[in-house]
Amino acid sequence: SKGQGGNHYSFYTAEMGEQAYEHLRMEGALQRALQRGEFLLHYQPVVDIGSGRVTGVEALLRWQPQDRGMVSPAEFIPLAEETGLIVPIGDWVLQTAMRQQVAWRQAGLPLVRISVNLSARQFLGQDVAQRVAGLLAQTGCDPSWLTLEITESVLMENPVAATETMGRLAEMGVQLAIDDFGTGYSSLASLKRFPIHSLKIDRSFVMDLTQDADDAAIVNAVIALAHSMKLNVIAEGVETTEQLAFLQEHGCDQMQGYCFSRPVAPERIEAMLRRESA
Ligand code: C2E
Ligand code: CA
Ligand code: CA
Ligand code: CA
């Protein structure tokens, strides 16, 4: 109420001050994490639904501070994005994933596609194509086995810049995937103008697939339309064999999810690939 305006004011400033302080603290912690090498990548297998073989892996960022347990990217990516730290962190992710691809190739493991997530700021706020080109040259990574994942909302935020950047990446031979598809507001048809290779159906649709007829219909329609546009379809967050059976029946190309494997350390992926190629 009006009479308590003064109180409200001091209440809000105290809260904002606390928030600003927490931001600064986290920003410092993330900066130190980068310097101290506290980030690591885990990889989740991407499996071909037809053959059951691992055809790729998605690199997922992990933060392992010295004094506490693993921190999930959901807890720090938004802040890293806000403060701009996502740019050096994202560079580290790209470089580490590219080096991993080269290391696996040199170890004689079967080639798999490595997918790397790009945040909005990374994709729209800097010359990501030039950075990727530099890192490809530096690491010797084969661009045709690299996929960059961007979300639907990033494309729609600045379609002109996105088209330009994607065109340059595609020219280098890098593949592009739309992540979390279905959560934004774009129609599948509006994706036509972008040089996209794959579409990843968001976990929220896969989750209730076998209970919710609407979700089943959406997933079904996305697969059919994506195929008519010659796009590869990957389902995210597949946890049960019932979900997998549905996806198989409806011609989904690939899947990722706990029903096959959680994201794991690179050594575990190596063991998996060795087993498969034996
Ligand atoms: P995302 O790109 O959609 O990644 C998929 C997330 O779903 C991962 O969470 C993965 O561990 C989780 N997941 C996979 N299969 C299942 C399943 O069967 N069930 C359930 N419940 N979850 C599953 P994670 O690793 O915590 O990553 C969360 C998000 O953080 C990612 O979502 C991505 O948006 C972001 N992220 C992760 N690594 C990076 C990175 O290197 N750069 C950027 N910019 N963002 C990243
Ligand atoms: Ca992703
Ligand atoms: Ca996703
Ligand atoms: Ca998601």
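Structural remarks
- Looking across Leu146, Leu225, Leu209, one residue alone is open to solvent by less than 20 Å² (accessible area, probe 1.4 Å) and away from ligand 2 (no atom under 16 Å from the Cβ). It is Leu209.
- Boolean, Arg105 is more than 30 Å from Lys192 (Cα to Cα), open to solvent by 50 Å² or more (accessible area, probe 1.4 Å) and not acidic (Asp, Glu): yes
- All told, Ala137 meets the bar of being more than 20 Å from Glu276 (Cβ to Cβ), open to solvent by 40 Å² or more (accessible area, probe 1.4 Å) and of a type in the set (A, V, I, L, M).
- Among the residues making up region 165-189, those that are among the hydroxyl-bearing types (Ser, Thr, Tyr) and within 16 Å of ligand 1 (Cβ to nearest atom) are Thr165, Thr183.
- Breaking point among (1) farther than 30 Å from Phe246 by Cα; (2) touching a Leu at 6+ places or on another chain (Cβ under 9 Å), for Leu124: (2)
- Residue within region 54-62 that is out of contact with any helix residue (DSSP H, G or I) (no Cβ under 9 Å at 6 or more places or on another chain) and of a type outside the set (Ser, Thr, Tyr) present: yes
- Complete set of residues in region 224-260 that are away from ligand 3 (no atom under 16 Å from the Cβ), under 19 Å from Leu191 (Cβ atoms) and assigned to a helix (DSSP H, G or I): Ala224, Leu225, His227, Ser228
- Residue check: Arg262 meets all listed conditions (1) charged (D, E, K, R); (2) touching a residue at least 40 places away in the same chain (Cβ under 8 Å); (3) farther than 23 Å from Asn117 by Cα but one, namely (3).
- The sole residue among Leu169, Leu135, Leu94, Leu111 that is away from ligand 4 (no atom under 16 Å from the Cβ) and not in a helix (DSSP H, G or I) is Leu111.
- Within region 56-73, one or more residues are modelled with pLDDT of 95 or more, part of a strand (DSSP E or B) and surrounded by fewer than 18 Cβ atoms within 10 Å (Cβ to Cβ).
- One residue from Ala189, Ala278 being over 19 Å from Ile150 (Cα atoms), more than 16 Å from ligand 4 (Cβ to nearest atom) and aliphatic (A, V, I, L, M): Ala278
- Pair list, Cβ under 7 Å, 6 or more apart: region 199-222 residue in a helix (DSSP H, G or I), other residue of a type in the set (S, T, N, Q) and within 14 Å of ligand 3 (Cβ to nearest atom): Ser204/Thr183
- Residue among Gln101, Gln138, Gln106 that alone is touching a Cys at 6+ places or on another chain (Cβ under 8 Å) and over 30 Å from His23 (Cα atoms): Gln101
The values are calculated or read from the model by the stated rules, or taken from the named source; none is laboratory data. Because the structure is predicted, anything quoted here is derived from the model rather than measured. No Cβ is skipped: glycine too gets one built from the backbone with ideal geometry, and neighbour counts run over all protein chains shown. Each accessible area value is taken on the protein alone, full model and side chains, heavy atoms only, with ligands, DNA and RNA left out. Shrake-Rupley method; radii C 1.70, N 1.55, O 1.52, S 1.80 Å.
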